[in-house]
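A short write-up of the structure that comes next.
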Amino acid sequence: MNKLAISIGDINGISCEILIKAHNAISKICTPYYFIHPNLLSQALKILNLTIDNYNLVIFEKDSKEEFFLKEENKHYKIFCFKSALYADVDSNFDINVGKIDTKSGLYSYLSFQAANYFVKAKYAKALITLPIHKKAWQLAHIPFRGHTEALRFFYKKEAIMMLGCSKLFVGLFSDHIPLKEVSKKIQFKSLVNFFINFYKQTHFKKIGVLGFNPHAGDYGVIGGKEEEIINKAIEFSNAYLNFSKASTKQKNILLKKFNITEKTLLQNALKNEILKQELLQFNTHLFYLPQVLVADTAFTKNSLKSCNRLIAMYHDLGLAPLKALYFDQSINISLNLPIIRTSVDHGTAFDIAYKHKAKIKSYKEAIKFALYLNHIKNDKNGKL
């Protein structure tokens, strides 16, 4: 079975309960490697009064030389050691502080995530599944990122795309963890085009809708509307570019030879050359994206979702508030446009119910299943989401 790396998240929250309760079920479809030290897992088991058997733990340590080896084994568990160039030395000798924001748990959750990421990058596992962290705890521990996605962007120097949802509704986020006052400035033609093209190439969704930024999608300029104009132009251009990428070799060569460029350099040239852009727009024959922005306050109604349930939101809460209201328990978080597969639960640390036997495991199980699915289509050239 495929090996998956599981980072523990904030140990003061519901992560351990989720991990322990779901272990038997997910072990039937994959081999999970849990990035948590034995003494911390023992604490969690004692607090929860639960047991776990036939599991793999990975002790992670900071070292300039990457190394992975089996450290201890018996009939109940295997304990491995993974050394890598972590952000800081690992201190696992602390007490679980149930339901509290804590510097030590914040740093530990980051190092668990970083180590699990390196583990997948080194191909010891097929995918990374992250349990929830607390952003304030990361801040207290002086972690230079606001969350997993921002860190992954830095690790891989790629524009990781955050997508959340389930089969009934997926929402991609053009911007995620930034203040609202910065979103409007981020809505630029070039960045939108790159986002739209990458999002389609990663998902191959058949019909994608883009939510407007202003109330009523600007209402034809009555309520702002500058952002919607830029979004619509980016949609048109992206549709044209994606159509070109699927055109015949003969059709492609006519345009490429005319401007003495290659298909590889087409996008960057078309974004700078207005004449080339206009020529490329002639390829706008098939709609990968719906041609006009959607009014966000009606896009999530039952009738609207019947016609389009693959959406892009310009900012975090615009897309995620209705998603979580509709499908909170089964939604997951997926990082697209990265060289590794990463999925996560779509909920937080839930400190208020930590270690109270109230944590639900459905989102976690869905994240595991979707990671396995992504791995499957990654190895299948005809695979589509």
Consider LEU152 carefully, then state whether it is under 18 Å from SER7 (Cα atoms) and in a strand (DSSP E or B).
no
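Based on this model, can you work out whether LYS369 counts as out of contact with any Asp or Glu (no Cβ under 7 Å at 6 or more places or on another chain), in a helix (DSSP H, G or I), within 25 Å of ALA22 (Cα to Cα) and basic (Lys, Arg)? So that I can check it myself, show each step before the final result.
On the way: out of contact with any Asp or Glu (no Cβ under 7 Å at 6 or more places or on another chain): yes; in a helix (DSSP H, G or I): yes; within 25 Å of ALA22 (Cα to Cα): yes; basic (Lys, Arg): yes.
In short, yes.
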Strands (runs of 3 or more DSSP E) wholly inside segment 3-65 containing at least 1 residues that are surrounded by fewer than 21 Cβ atoms within 10 Å (Cβ to Cβ) and on the phi > 0 side of the Ramachandran plot:
none
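For every residue, the table says whether it meets (1) at pLDDT 95 or above; (2) hydroxyl-bearing (Ser, Thr, Tyr); (3) assigned by the TED database to the domain that holds SER184; (4) within 28 Å of ASN12 (Cα to Cα).
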| residue | (1), (2), (3), (4) |
| --- | --- |
| CYS308 | yes, no, yes, no |
| ASN337 | no, no, no, no |
| ILE353 | yes, no, no, yes |
| LYS362 | no, no, no, yes |
| ALA371 | no, no, no, yes |
Look at segment 112-131 and say how many of its residues are open to solvent by 10 Å² or more (accessible area, probe 1.4 Å) and of a type in the set (Ser, Thr, Tyr).
2
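Identify all residues within segment 63-81 that are in contact with a Leu (Cβ under 7 Å, 6 or more places away or on another chain) and in contact (Cβ under 8 Å) with a residue 40 or more places away in the chain; write none if there are none. Give the steps one after another, and end with the answer.
So in segment 63-81, the residues in contact with a Leu (Cβ under 7 Å, 6 or more places away or on another chain) come out as 77-80.
Listed by number, the residues that qualify are ILE79, PHE80.
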Test result for PHE68, crowded, with 18+ Cβ neighbours inside 10 Å, touching a Phe, Trp or Tyr at 6+ places or on another chain (Cβ under 8 Å) and in the same structural domain as LEU131 (by the TED database)
no
If you check every pair at least six apart or on different chains, which have Cβ atoms under 9 Å apart with a residue in segment 166-194 that is within 18 Å of LEU323 (Cβ to Cβ) first and a residue that is of a type in the set (Asp, Glu) and open to solvent by less than 30 Å² (accessible area, probe 1.4 Å) second?
CYS166/ASP346; VAL183/GLU227
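Go through segment 157-208 and count every residue that is part of a loop (DSSP other than H, G, I, E, B), among the polar types (S, T, N, Q) and open to solvent by less than 10 Å² (accessible area, probe 1.4 Å).
So the first thing to find is which residues in segment 157-208 are part of a loop (DSSP other than H, G, I, E, B), and the list is 157-160, 167-168, 174-179, 187-188, 204-207.
Then keep just the ones that are among the polar types (S, T, N, Q); that gives 167, 175, 188.
Filter again for open to solvent by less than 10 Å² (accessible area, probe 1.4 Å), leaving 175.
Residues meeting the conditions: 1.
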Positions within segment 132-148 being crowded, with 22+ Cβ neighbours inside 10 Å and at pLDDT below 95, in sequence order:
HIS148
Scanning segment 89-111 for residues that are within 11 Å of ASN12 (Cα to Cα) and among the small types (Gly, Ala, Ser), which turns out surrounded by the most Cβ atoms within 10 Å (Cβ to Cβ)?
SER109
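Quick one: is TYR108 more than 18 Å from the chain's Cα centre (by Cα) and either farther than 19 Å from ILE332 by Cβ or in a strand (DSSP E or B) (or both)? Let's see the steps before the verdict.
Values: more than 18 Å from the chain's Cα centre (by Cα): yes; either farther than 19 Å from ILE332 by Cβ or in a strand (DSSP E or B) (or both): yes.
Taking the combined requirement at face value, the residue satisfies it.
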Name every residue in segment 4-28 that is within 19 Å of the chain's Cα centre (by Cα) and farther than 10 Å from PRO132 by Cα, in order of residue number.
LEU4, ALA5, ILE6
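The values are calculated or read from the model by the stated rules, or taken from the named source; none is laboratory data. Owing to the predicted nature of the structure, the values given are computational and were not obtained by experimental measurement. Cβ: placed from backbone, ideal geometry, glycine included. Neighbour counts: every protein chain shown. Just the protein is used for accessible areas: all its heavy atoms, side chains included, with ligands, DNA and RNA removed. Shrake-Rupley method; radii C 1.70, N 1.55, O 1.52, S 1.80 Å.
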